[in-house]
Amino acid sequence: MKYQGEYEVFFNNENDEHGILYFPPLETDNNFLSEVKRIYPDSKVLISKVNSGQLDKELAAIQRGEPLPNSNLESEKQVIAAIKDFSKKLARLIAQDSSCLNTLEWRDLERILAEVLEGIGFSVELTPGSKDGGKDIIVECIVSGFKHVYILEIKHWRAGGRVGYPKILDFLNVIVREHREGGLFISTSGYCDNLFEILSTIDRQKVRLGEEKKVVSLCKTYVKAQLGIWSPPEVLSEVLFEETI
C-alpha cells in the first residue's frame, strides 16, 4: 500500500547521497511528523530509497502505525556518520594545503564547512543542495544571552568565475527578508573588480565577503578546536567575520 498523501524530496542531482524530505503544510498530523523526524534525523533520506520506491513504502507503514518494512535505518545512520567523518578529514587536509580545494565539488565544500562550523561551536543546519532559499548553511550562536542567526552562501566554481554584485544583492535580500543578524558570502574564486565600489556602507553592515583564505582559516580554527588548543571568543560570531571584507 502506498503512502496516502503528498511529499517531496529535494536534492541537487542523482549523485547526492541524501535528499531532504518535505511535507506540505497541513498535509500530515503531528504524531506522524514526530515519528518521521525520529526515524529520519534532519529529514534526510537516501536518494536510493526515493528511486526504488522504498521511501513511499516506509512512509505508508509509519502512517498506519506499523513497523517499517525491511528497515535499513542503521545503514542510513552509518552512511551519515561516514559522510561526517569524511568531511572532518577533508577539513584537516584543507587546513594543511589549500590546493586540496581544487579537487572538491561545491557540495563537498558546503558539507565540510557545515562540519567545521559545528566543530567550532555553532548550531548548524546544512540546507538542501537545491531549492535552498538562497543560503547554503544556517548557523546559530548566543550573543549577550540572545540567539543570533547568520546565513552563509558558498560559491565554489572550479571553472574560476568571479562573483558579481547581482549575487551579493540576492543574498542581501535573503538576509533582510528572513530577519537574520547578518551573513557571510564565500567565493573561492574571488569577486569582480568593481564589486567593492558598488557595495554601500549599509550593505557592508549586513554581509561580509570571504575568499579561499577564509575557508582555510576556518578549517585551521576547526583543527585547533579539535586538538583543544583553541578557545572560542566571548562573541562566537566574530569567528565568522575574521579575515573578511
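Quick notes
- Between helix 54-64 and the chain: long-axis angle, C-alpha atoms, 0 to 90°, nearest 10: 60 degrees
- Computed log₁₀ I(q)/I(0) - Debye formula, equal Cα scatterers, no solvent, region 75-162, q 0.17, 0.25 Å⁻¹: -0.81, -1.33
- Rounded to the nearest 10 degrees, the angle from helix 212-227 to the longest Cα principal axis of the chain is 70 degrees.
- Surface composition of the chain: carbon and sulfur atoms hold 49% of the protein heavy-atom accessible area at a 1.4 Å probe.
- When each of Lys44/Lys220; Lys167/Lys206; Lys167/Lys220; Lys135/Lys155; Lys44/Lys77; Lys88/Lys131 is checked by Cα-Cα distance, pairs over 19 Å: Lys44/Lys220; Lys167/Lys220; Lys88/Lys131
- Cα-only radius of gyration and Dmax that characterise the chain, units Å: 19.6, 61
- Loop GluC sites (Glu not before Pro), region 191-245, which have at most 11 other Cβ atoms in a 10 Å radius of their Cβ (DSSP): Glu234
- Only protein heavy atoms count here; on that basis, with a 1.4 Å probe, Arg208 has an accessible area of about 80 Å².
- Cβ-placed point charges (K, R +1; D, E -1), dipole of the chain about Cα centre in debye, nearest 20: 320 debye
- With DNA, RNA and ligands ignored, accessible area of Cys192 (1.4 Å probe; Å², nearest 10): 40 Å²
- Residues of region 134-231: accessible area per residue with a 1.4 Å probe, Å²: 50 Å²
- Simple point charges give the picture: +1 on the Cβ of Lys and Arg, -1 on the Cβ of Asp and Glu, and for region 46-127 a dipole about the Cα centre of about 100 debye.
- Note on Trp157: accessible area is roughly 90 Å² with a 1.4 Å probe, heavy atoms of protein only.
- Cα centroid separation - region 225-245 against region 147-191, whole Å: 20 Å
- Student exercise, region 177-244 dipole from Lys, Arg, Asp, Glu Cβ charges, in Debye to nearest 20: 180 debye
- Lys/Arg +1, Asp/Glu -1 at C-beta; the chain dipole; positive extreme among Ile80, Asn173, Gln4: Ile80
The values are calculated or read from the model by the stated rules, or taken from the named source; none is laboratory data. For clarity, every value in this text was computed on a predicted model and none was experimentally measured. Neighbour counts run over all protein chains shown; Cβ positions are idealised from the backbone, glycine included. The protein model used for the area step is the full one, side chains on, heavy atoms only, and it has no ligands, DNA or RNA in it. Shrake-Rupley method; radii C 1.70, N 1.55, O 1.52, S 1.80 Å.
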